[in-house]
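See structure below.
The values are calculated or read from the model by the stated rules, or taken from the named source; none is laboratory data. All of these numbers come straight from a predicted model, not from anything done at the bench. Cβ sites come from the backbone with ideal geometry, for glycine too, and all protein chains shown count toward neighbours. Note: areas computed on protein heavy atoms with side chains; ligands, DNA, RNA excluded. Shrake-Rupley method; radii C 1.70, N 1.55, O 1.52, S 1.80 Å.
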Amino acid sequence: MPELASGALPRKLSQTGAFQNTRGLVPSEALIPYDLIVSFWSDGAAKSRWASLPEEKIKFAPTGEWVFPKGTMFVKHFELATDETHPEIKRRLETRLLVCDATGGVYGVTYKWRANNRDADLLETNLTEDITIKTATGARTQTWYYPSRKECLTCHTANAGYVLGVKTRQLNRDLTFPSGVKDNELRAWNHLGLFATNLNEATLQDLPRLARAEDTTRTLEDRARSYLDANCAHCHRPQGTVAYFDARYDTPLAAQNLINGPVLIDQRLDHPRIIAPNDPWRSILFLRANTTEAFKMPPLARNTVDAAGMQLLRQWIESLPGPPVLPPPEISPRGGKFKQPVTVRLKSEPGAEIRFTLDGTVPTPTDLQYKDPIPLSQPTILRAKAFKPGFTKSITVQEIFLVGE
């Protein structure tokens, strides 16, 4: 690979030297396999990772980011299961290379695999592709996003240390290497002489370590904060994106400004917070991570929701001390276009009182109380909210019914 992105980039993956056998995906002897404790969500793709380093050493840090020498290269390979009934059947999608360049920065390139898996071709810009996934009852379509070189630098910034993931708290774990040897990755890299400072291996257990979502030996808080570190912290940190919170695991929870932290964009909710204790509906972080709509987070290269990750975050939010909160009322059917009059039903939990409006205003305790199905014969903005003594009122929900249009 060239020292700079402006150099002559190999047009095919086989020309990069990353693999001895590209079709067989046999890595070059210069590549060291590695894995992370908590992986960034990539729309359910399976990922393989390797790194290659020059003779110069890594500047190790027990917390924060490592500093990698010029000429370091990282290879990340993506495959997606295309048959839910046989998850072992996967399709090769792309292989990304991240190079620590001659200026002290990085550049990234994406190679898209050919259908026959013989090679992968360099992409000049971003690309979106619809992929058919076989299901138990038929098929569904999943959209995959291939990032451009410019978009690689959206996340791989100087403020984030350029290289994401490869750090103490992510590599302080065991890995079974191709030789069959199982070892702590930090100890293995230390044995290979990759660090500028020799590590005291007796103290590795005392170094920071993220927690997997399924690792119930760790607290729910640890697991949730680890998820946020892997998926949000490259942008949400001091001097990062415009926001009020710090998602880095290294930052103590009390200093992260997550719980009851103020928000910049309220999504028209009453009293929203970054994380609202025991209230997932007013937790903006959860709301934006749990959607694929335009306000989703992260905004780039994500077209599906990480169901397991969202379950983890929701469990953590609901475990935080706070008053009981009513869920928003259910509106059935959903809004849309209707040629004929439509009857709408509202539902909430037992004992809750639903108030609604038909003019788009926010419902109050004195507005119409829902008792019977609501007939609509003209275009209507229906908004509803639930109230119950001893509970925090629900957020307002709405549906727009275009009746007779």
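What you get for segment 300-398, charging only the Cβ of Lys and Arg (+1) and of Asp and Glu (-1), is a dipole of about 260 debye around the Cα centre. When you filter the GluC sites (Glu not before Pro) in segment 192-224 for DSSP loop state and at most 10 other Cβ atoms inside 10 Å of their Cβ, you are left with 214. For the pair segment 355-403 / segment 207-271, the C-alpha centres are spaced 34 Å from each other. Averaging 1/r over every pair of different alpha carbons in segment 59-108 and inverting the result gives a Kirkwood radius of 13.5 Å. Accessible surface ranking for 28, 6, 1.4 angstrom probe, highest first: 6, 28. Legend: calculated FRET efficiency, residue 61 to residue 135, from the Cβ-Cβ distance at R0 = 45 Å, rounded to 0.05, equals 0.50. For segment 247-375, the residue among 275, 311, 352 whose Cα projects farthest onto the positive side of the dipole built from Cβ charges is 311.
Each label point was placed 7 Å from the Cα along the Cα-to-Cβ direction; for residue 362 and residue 221 their separation is 3.1 nm.
Here segment 1-84 is treated with +1 on each Lys and Arg Cβ and -1 on each Asp and Glu Cβ, and its dipole about the Cα centre works out to around 280 debye. Out of every Cα-Cα pair that segment 28-170 contains, those further apart than 25 angstrom amount to 33 percent.
Taken as Cα centroids, segment 73-116 and segment 124-151 sit 13 Å apart, rounded to the nearest whole angstrom. Rg ratio for segment 177-223: its Cα radius of gyration over 2.2 N^0.38 Å, N being its residue count, equals 1.43. Quick one: net charge around residue 331, please, counting Lys, Arg +1 and Asp, Glu -1 for every other residue with C-beta under 12 Å from its C-beta. It works out to a net charge of +3.
Could you state, as a whole-number percent, how many of the C-alpha pairs of the chain are farther apart than 37 Å? Of all Cα-Cα pairs in the chain, 34 percent lie more than 37 Å apart.
Here the spin labels are modelled as points 7 Å beyond Cα on the Cα-Cβ line, and at residue 304 and residue 337 they lie 3.1 nm apart. About its Cα centre, the dipole of the chain is roughly 500 debye, where the only charges are +1 on Lys and Arg Cβ and -1 on Asp and Glu Cβ.
Relative to the longest principal axis of the Cα atoms of the chain, the long axis of helix 220-232 lies at roughly 70 degrees. Extension gain for the segment residue 292 to residue 315, taken as residue separation times 0.36 nm less the Cα-Cα distance, is 6.2 nm to one decimal.
By the rule of a C-alpha distance below 16 Å, with chain neighbours fewer than 8 residues away ignored, the aspartates and glutamates paired with residue 182 are 35, 174, 201. I want to verify a result. In a Gaussian network model of the chain, Cα cutoff 10 Å, which of these has the top mean-square fluctuation: 97, 127, 36? The residue with the greatest mean-square fluctuation here is 127. Cross-link partners of residue 337 among aspartates and glutamates, defined as those whose alpha carbon lies under 19 angstrom from its own and excluding same-chain residues fewer than eight positions apart: 359, 399, 405.
Counting Lys and Arg as +1 and Asp and Glu as -1 over every other residue whose Cβ lies under 13 Å from the Cβ of residue 65, the net charge comes to +3. Cross-link pairs exceeding 32 Å in C-alpha to C-alpha distance, out of 90/296; 12/57; 57/296; 296/385, comprise 57/296. Calculated on C-alpha atoms, the gyration radius of segment 123-258 divided by its Kirkwood radius gives an Rg/Rh of 1.04. Local charge for residue 267 was computed over the other residues whose Cβ lies under 14 Å away, with Lys and Arg +1 and Asp and Glu -1, and equals +1. Toward the positive end of the charge dipole of the chain, with +1 on the Cβ of Lys and Arg and -1 on the Cβ of Asp and Glu, the farthest Cα among 211, 380, 80 is that of 380.
Given a cut-off of 28 Å, what percent of all Cα-Cα pairs of segment 243-383 lie beyond it? Pairs farther apart than 28 Å: 32 percent.
Angle between the Cα long axis of helix 307-319 and the longest principal axis of the chain, 0 to 90 degrees, nearest 10? It works out to around 60 degrees. Positive-end ranking of 252, 290, 186 along the dipole of segment 168-306, with charges on Cβ about the Cα centre, is headed by 290.
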